[in-house]
Amino acid sequence: MKFLAKTLCLSLCLGLIGCSGGETTAETYPDKSVSLIVPFAAGGGTDLCARAIADAAKESFTEGIAVENKAGGSGAVGMIGGANSAKDGSVVTMITVELVTVPHTSEVSLSHDMFEPVLRLNADYSAITVPTDSPYNTLDDLLEVAKTEEIQIGNSGVGAIWHLAAAGLAQEAGVEFTHIPFDGAAPAITSLLGGHIDAVSVSYAEVSAQVNSGDFKVLAVLAPERLENLPDVPTAIEEGYDVSIGTWRGLAVPAETDPGIVSKVSEIFAEAATAPGFVEFMNNNNLNIDVADGETFKAQLASEYELFGELIPALGLGQ
């Protein structure tokens, strides 16, 4: 009996020790260090955005927050790792538009359903841009000519978001472009400067210097509403073409994470996104702040997954 009593006592003590550590709850979060996974290499726009928001939120993470770069597979490696992490808010993943494009181009175990979106932080939309002396002064001018003549439009690479944006516009307008891929946006812009192509589909941030210098003009942006730093340029939607495509970055936790923890994570990062230091950093680096809550972000992921599921195979870029 003494042995049994001692055993029960020991078991009870061990149980209490286990409870003292406790599982993370909405009330205790964040009670441990947090990792912010970036699915791309250090130094790029996604990494810069992640480090800026982590720095803005660090006071809320008393046990610390650390950015971890896990690059590979066009972002798939890091995002899969984040999706398969503990469902307790200890790992937050920076998700990008590749979450809804890569599953259509590669055989990867990745889906937007593997995440519970927390907050969209940033979005940069396609800006259809031509030389200032181009005969095209409106988006309709360009698309009308494309009905009967070849229009060469440069992008940042086959299957990249700016290629998909131009293709989406062409599909919506019922025209065909000759897509000219480059190894990144910079050489596409150089080619446009040299008069070798008719237009480019890239972000406004990537052509802002040439627009400000008077070399380029933007015909339209493929955004849901006019850009704050480009108020006089209409959206394609305003011009009658229901298309909004661009790149974005946001935060997510694994699917089935406790809703209370999701709310706490969202609250922390939403506040951080308004911090003067974060806002200044994003503006200085031409990273457009475009915050959306988790439910809005989730709906966007589902919508874009369907969009690219149709567009990518139509371009012959599917698996």
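The values are calculated or read from the model by the stated rules, or taken from the named source; none is laboratory data. These numbers were taken from a predicted model, which means no experiment stands behind them. Every residue, glycine as well, gets a Cβ built from its backbone with ideal geometry; the counts of neighbours run over all protein chains shown.
Would you say L287 is farther than 30 Å from M114 by Cβ, under 19 Å from the mean Cα position of the chain (by Cα), assigned to a loop (DSSP other than H, G, I, E, B) and not charged (D, E, K, R)? For L287, the condition - farther than 30 Å from M114 by Cβ, under 19 Å from the mean Cα position of the chain (by Cα), assigned to a loop (DSSP other than H, G, I, E, B) and not charged (D, E, K, R) - is not met. Can you tell me which residue in the stretch 196-238 is surrounded by the fewest Cβ atoms within 10 Å (Cβ to Cβ), limited to those that are of a type in the set (S, T, Y), outside any helix (DSSP H, G or I) and in contact with a Leu (Cβ under 9 Å, 6 or more places away or on another chain)? Once the filter is applied, the top-ranked residue is T235.
Only a single criterion out of (1) in contact with an Asp or Glu (Cβ under 9 Å, 6 or more places away or on another chain); (2) surrounded by fewer than 24 Cβ atoms within 10 Å (Cβ to Cβ); (3) assigned to a helix (DSSP H, G or I) is not satisfied by M79, namely (2).
For the stretch 172-195, how many residues meet the condition of being crowded, with 21+ Cβ neighbours inside 10 Å and out of contact with any helix residue (DSSP H, G or I) (no Cβ under 7 Å at 6 or more places or on another chain)?
Of the stretch 172-195, the ones crowded, with 21+ Cβ neighbours inside 10 Å are 173, 177, 182, 185, 188-189, 192.
With out of contact with any helix residue (DSSP H, G or I) (no Cβ under 7 Å at 6 or more places or on another chain) added as a condition, the list becomes 188, 192.
Qualifying residue count for the region: 2.
Looking only at the stretch 45-75, residues that are in a helix (DSSP H, G or I) and either surrounded by fewer than 21 Cβ atoms within 10 Å (Cβ to Cβ) or over 17 Å from the mean Cα position of the chain (by Cα) (or both) come to 12 in all.
For the subset of the stretch 258-280 comprising residues that are polar (S, T, N, Q) and within 13 Å of G294 (Cα to Cα), which member is surrounded by the fewest Cβ atoms within 10 Å (Cβ to Cβ)? Only one residue fits best here, namely S263.
Listed by position, the strands (runs of 3 or more DSSP E) inside the stretch 89-171 whose residues that are crowded, with 24+ Cβ neighbours inside 10 Å, of a type outside the set (S, T, N, Q) and touching a residue at least 12 places away in the same chain (Cβ under 8 Å) number at least 3 are 91-96, 115-131.
Do we have any residue at all in the stretch 6-24 that's under 16 Å from I268 (Cβ atoms) and modelled with pLDDT under 90? There is at least one residue in the stretch 6-24 that is under 16 Å from I268 (Cβ atoms) and modelled with pLDDT under 90.
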